[in-house]
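A short worksheet on the structure shown next.
Nothing in this text is a laboratory measurement; each read-out follows from the coordinates by a stated rule. The structure displayed is predicted, hence computed values, not measured ones. Don't worry about glycine lacking a Cβ; one is built from the backbone with ideal geometry, like all the others, and counts go over all protein chains shown.
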Amino acid sequence: MHKGIIYALLAAALFGASTPFAKLLVDQTAPVMVAGLLYLGSGVGLLAWYVIRTMATQGQTKRTDGLTGHDLPWLAGAILFGGVAGPVLLLVGLLHTPASSASLLLNMEGVLTALLAWFVFRENFDRRIFLGMLFIVAAGILLSGQQGRASGTIWGSLAIIAACLCWAIDNNLTRKVSGSDAVQVAGIKGLVAGLVNLLIALAMGYSLPEGRTILSAGIVGFCGYGLSLVMFVLALRHLGSARTGAYFSAAPFVGAIMSLLILGEIPGPVFWISAGLMGIGIWLHVAERHAHEHTHLPMPHKHSHLHVHDSHHQHAHDFPWDGEEPHNHAHQQETLVHTHAHFPDIHHRHVHQRH
């Protein structure tokens, strides 16, 4: 299985597994406060990991995949939409929309992510990928709506859809920096989103919970949000936005399984029907084979990531190299024309002719 798919499914598994634990935390304090603590746990934990890793590798080969000035506008946009506007709009929507309807509407994130990736950022897709997305979306809608239908005001629904649009923009903008250090990217995003949600909670009059709850939320946030986001960024690097979003849609099923094991909840027939639809959709994506002659043009900027000297990395080194692979250094993509199966990863963001 392609490692990008593994990263995406790991991201979904980590996030989905955190759901029942987050539910337990919500029973103890306000949802917006829980969101702030979860994101802070993610950001603080990842940045601590980043600092420890930097200290532990001092004197060794220097990593060159840190964020650069070229990355900052994309990251700032992702944080603005995903870490600030998205949570605020969701809270506004939840004030006027029943939980069941809100859960149903939140499935719009995957749809909007794919639509933006395909039609705005020009990410490639074909009928097979589109059909797989339909199966995955249908599974999410069916699973979210199993507890019944309820209607809220139109403004609440529009606010939640707007929040999903913000997160879809966030996903596509994050793809632009997915070649950078995933721990650094995810840590900054988590820290900013956590501070924003925490400030919102305090402004709404909520107080911090007891220390044990804060610690529990931090641990859940680091695993279910932080590590998950690292995997998500790595998946974006290898798969692009639309396919990563599709695989990440498996998260509710992991949450349902964990709820069965931890909370004693038993999935009904709707869950198994949804799981079947999800399985078909994922199979259509996993079995995808996209191959054609394509041209790699030189990138406007050097980029850094772990790589081996495969057909896409035939470059010279301007430093002594001991032959060890994979290795990490800033390198320039050269012009190359060849044919092979590929995903829309950081080296395959070429334009396709539509017929």
Protection proxy (average C-beta count within 10 Å per residue), highest first, orders 194-200, 223-229 as 223-229, 194-200
Checked segment 149-247 with the C-alpha gyration tensor, a ≥ b ≥ c its square-rooted eigenvalues, rounded below a/c of 1.5, otherwise prolate if a/b is larger than b/c and oblate if not; verdict oblate
Note: Val51 to Leu208 extended length (0.36 nm per residue) minus current alpha-carbon separation gives 53.8 nm
Computed from the beta carbon distance with a Förster radius of 41 Å, FRET efficiency for Trp155 and Arg122 to the nearest 0.05 stands at 0.80
With the label point 7 Å along the Cα-to-beta-carbon line of Leu67 and a cut-off under 14 Å to each amide N, the hits in segment 189-207 are 189-195
Taking a crude spin-label model, label points 7 Å out from Cα along the C-beta direction, the Gln28 to Leu261 distance in nm is 2.1
The simple spin-label model distance between Lys3 and Ile219, using points 7 Å out along Cα→Cβ, in nm, is 3.1
